[in-house]
Amino acid sequence: MTRVFKRNFNLKNVKKALCALVAFSLLLALPGCSGSEEGSGIPIYYLNNAETKLETHYSHVVLSDDKEESVEILLELLKDNPDSLQYKAPLGYPIELNGYKIEDKKITLDFSPTYYLLQTTTEVLIRAAIVQTILQVKGIRYVFFTVDGEPLVDAVGKGVGRMSDKTFIYNDGNAINTYEEVKVKLYFANSEGTGLISAYRDKFYSTNIPLELFVVEETIAGPSGQIEGLYPTINPETNVISVTTSDGICYVNLDSGFTTTVGNVSTEMAAYSLVNALTDLPNVEKVQIMVNGTVPSIFASTFEKNEDIITTLNITEE
């Protein structure tokens, strides 16, 4: 079921939702609907004054099973600065939220064009704070950003795409302020699903995220759509449970979405799209693929790079 909410961010409407759901416990958190002790309540993410990292502020708000009501409560908290003058509210910046759309497990937040006036690192931090906070709504697993109805692009003009709880690695008190442009080689299917085409992708990413995880997420996200002849290899609903590397072996643990094939691409071809991309990294020699923590019989042994199935080399996505 799709629910679309196109509105200016109406503070009165949001406060009505807050009052209806939170009652007396919310009064303890005012003003700003936040301000509890660390570790109690729901974590709401803000920027520090230097705009170099995220800070956690805890709120006693109560979220319901209704996605819309819960989203509006959290958006209100993200708009208002907490009591501490050390924090900056992500939606307190001169950016306007036009509205949002909820579709099953994902939410799309649409911003005005002023969003692109944000500095690069500030924008990433704001995005991380919003995503980390909104993903606490029950039933929402992915967040998309659009600007004036068009998909958000990053500092180098590449589409940001969907964001999940694996997109931003956040540890309490640690900065998410180191970013670098990386050029990775990804592998997507040809039109027949019988071979892989390698394509370079340039993108800014947070170095708090392991590069192996970045490669896996980008492969699942699929080709950018800007080049004809590239097709996804993995079901885009696949979730990454964990990615770790030890002694040259990268262990990729995916959920059961990986077993659902896309188009005419076999599960083995999907696996090699990950294997070939990961083994191009200097610290990875082999890849072990797991599904929900177990090794399926088809993946009984570790995989090494397979160059025989690469049909076209070295395309660069525009």
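Would you confirm, using the coordinates I've provided, whether residue 233 is of a type in the set (Ser, Thr, Tyr), assigned by TED's automatic domain parsing to the domain that holds residue 186, crowded, with 22+ Cβ neighbours inside 10 Å and part of a helix (DSSP H, G or I)?
Values: of a type in the set (Ser, Thr, Tyr): yes; assigned by TED's automatic domain parsing to the domain that holds residue 186: yes; crowded, with 22+ Cβ neighbours inside 10 Å: yes; part of a helix (DSSP H, G or I): no.
Answer is no for this residue.
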Quiz item: If residue 273 passes every condition in (1) in a helix (DSSP H, G or I); (2) without any contact (Cβ under 8 Å) to a residue 40 or more places away in the chain; (3) crowded, with 22+ Cβ neighbours inside 10 Å but one, which one does it miss?
Solution: (2)
Practice problem: Look through the range 276-295, keep the residues that are touching a Ser or Thr at 6+ places or on another chain (Cβ under 8 Å) and assigned to a loop (DSSP other than H, G, I, E, B), and return whichever of them is surrounded by the most Cβ atoms within 10 Å (Cβ to Cβ). | Solution: 284
Practice problem: Could you look through the range 120-142, keep only residues that are touching a residue at least 40 places away in the same chain (Cβ under 8 Å) and in a loop (DSSP other than H, G, I, E, B), and pick out the one that is nearest to the chain's Cα centre (by Cα)? | Solution: 141
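Per-residue answers, yes or no, for (1) in the same structural domain as residue 67 (by TED's automatic domain parsing); (2) out of contact with any Leu (no Cβ under 6 Å at 6 or more places or on another chain); (3) over 21 Å from residue 224 (Cα atoms):
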{"site": "117", "(1), (2), (3)": "yes, yes, yes"}
{"site": "121", "(1), (2), (3)": "yes, yes, yes"}
{"site": "124", "(1), (2), (3)": "yes, yes, no"}
{"site": "131", "(1), (2), (3)": "yes, yes, yes"}
{"site": "135", "(1), (2), (3)": "yes, yes, yes"}
{"site": "138", "(1), (2), (3)": "yes, yes, yes"}
{"site": "145", "(1), (2), (3)": "yes, no, no"}
{"site": "157", "(1), (2), (3)": "no, yes, no"}
Exercise. Determine which single condition residue 257 fails, assuming it passes every other condition in (1) surrounded by fewer than 18 Cβ atoms within 10 Å (Cβ to Cβ); (2) free of Cβ contacts under 8 Å to residues at least 60 places away in the same chain; (3) in a loop (DSSP other than H, G, I, E, B).
Key: (3)
Quiz item: For the subset of the range 215-230 comprising residues that are on the phi < 0 side of the Ramachandran plot and loosely packed, with under 14 Cβ neighbours inside 10 Å, which member is modelled with the highest pLDDT?
Solution: 228
Quiz item: What residue, among those in the range 103-119 that are under 16 Å from the mean Cα position of the chain (by Cα) and not charged (D, E, K, R), is surrounded by the fewest Cβ atoms within 10 Å (Cβ to Cβ)?
Solution: 108
Practice problem: Inspect the range 83-93 for any residue being over 15 Å from residue 146 (Cα atoms) and polar (S, T, N, Q) and give the result as yes or no. | Solution: yes
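The values are calculated or read from the model by the stated rules, or taken from the named source; none is laboratory data. Predicted model, so just to flag it, every value in this text is computed and none were measured. FYI the Cβ positions are ideal-geometry reconstructions off the backbone, even for glycines, and counts take in every protein chain you see.
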